[in-house]
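To keep things clear, I will list the structure first and then write my remarks on it.
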Amino acid sequence: MSMSPSERLRSSTQAVHRKVERTPFVQSFLRGTLALSDYVLHLQALNQVYGELESKVQRHPCLSAFPWRALARGPALRADLRSLGTEAPKEASPATARFLDRLAEAEEDQPSLLVAHAYVRYLGDLSGGQILARIAQSKLGLRESACHFYRFARPVDELKAAFRHALDELSVDIDALVAEALLSFELNEAIFVEIQPKMTRAATAMDTASSPSAQAKGALVL
């Protein structure tokens, strides 16, 4: 029996997914040693990425079956940035700018390719993001008012099921979608790597090859 598009995406991106999990930024987050300034830089980049992604996916009728309104992270990110006493920068960082450029190119080439970026981001937020929320509060010391990004108005399992169902019903070249998802992981990784030089000495000195704690292992699984 052939795999569904959602199964194919998950299977085809597992290796790059694990690679991204091993970046110093992600490992530092999982261990709770991430500097607050680096966390803010990450939120600022995500705010720009989600702003572009969410404005694009909602204007194409071919993508109307996805629960975009319930998934949207832009308002939550802006609320978190305000709670942390900052806001989104006017200029995108180089890695963020490359991500935004690719979203524009994908929309122009084939709007359905935007689903690959939505898959990488939203399924991560709905899965591992729930573990990251606990780490952000218990280890990074963030208040609930700074963790809107991880909270959804609908149950996460319900949203994951709705997203996968819409994906499996989408008329799209699955090979092209897989290629776009692999690129999306690389673009996300580039943002993590760009932030890495700004980390504290304790964060950059850690052994990124070692396994994270049992609680954190697999935290970014889609």
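Listing for the model above:
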read-out: Proximal charge balance of residue 111 [Cβ under 11 Å; K/R count +1, D/E count -1]; value: -1
read-out: Cα principal axis extents for region 25-112, largest first, Å; value: 42, 27, 26
read-out: Under 5 Å, built H, 5+ apart or other chain: amide partners of residue 127; value: none
read-out: Dipole magnitude of region 101-154 about its Cα centre (Cβ charges: Lys, Arg +1; Asp, Glu -1), debye to nearest 20; value: 620 debye
read-out: Paramagnetic reach from residue 62 (point 7 Å along Cα→Cβ, amide N under 18 Å) across region 112-138; value: 112-119
read-out: Extended-chain gain in nm, criterion 0.36 nm per residue less alpha-carbon gap, residue 139 and residue 169; value: 6.8 nm
read-out: Zone residues, region 80-97, relative to residue 37, backbone N less than 17 Å from point 7 Å out along Cα-to-Cβ; value: 84-87, 89
read-out: In Hz, Karplus ³J(HN,Hα) per residue of region 106-123 (6.51, -1.76, 1.60; θ = phi - 60°; x = Gly, Pro); value: 5, 4, 5, 6, 6, x, 5, 5, 4, 4, 5, 5, 5, 4, 4, 6, 5, 5
read-out: Surface per residue (accessible, 1.4 Å probe) for the chain, Å²; value: 46 Å²
read-out: Of all accessible heavy-atom area on the chain, the percent that carbon and sulfur account for (1.4 Å); value: 52 percent
read-out: Rg(Cα)/(2.2 N^0.38 Å) for the chain, N = residue count; value: 0.97
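The values are calculated or read from the model by the stated rules, or taken from the named source; none is laboratory data. Predicted model, so just to flag it, every value in this text is computed and none were measured. Quick reminder, even Gly has a Cβ in these numbers, built from the backbone with ideal geometry, and neighbours come from all protein chains shown. Keep in mind that these areas ignore ligands, DNA and RNA; they rest on the heavy atoms of the full protein, side chains included. Shrake-Rupley method; radii C 1.70, N 1.55, O 1.52, S 1.80 Å.
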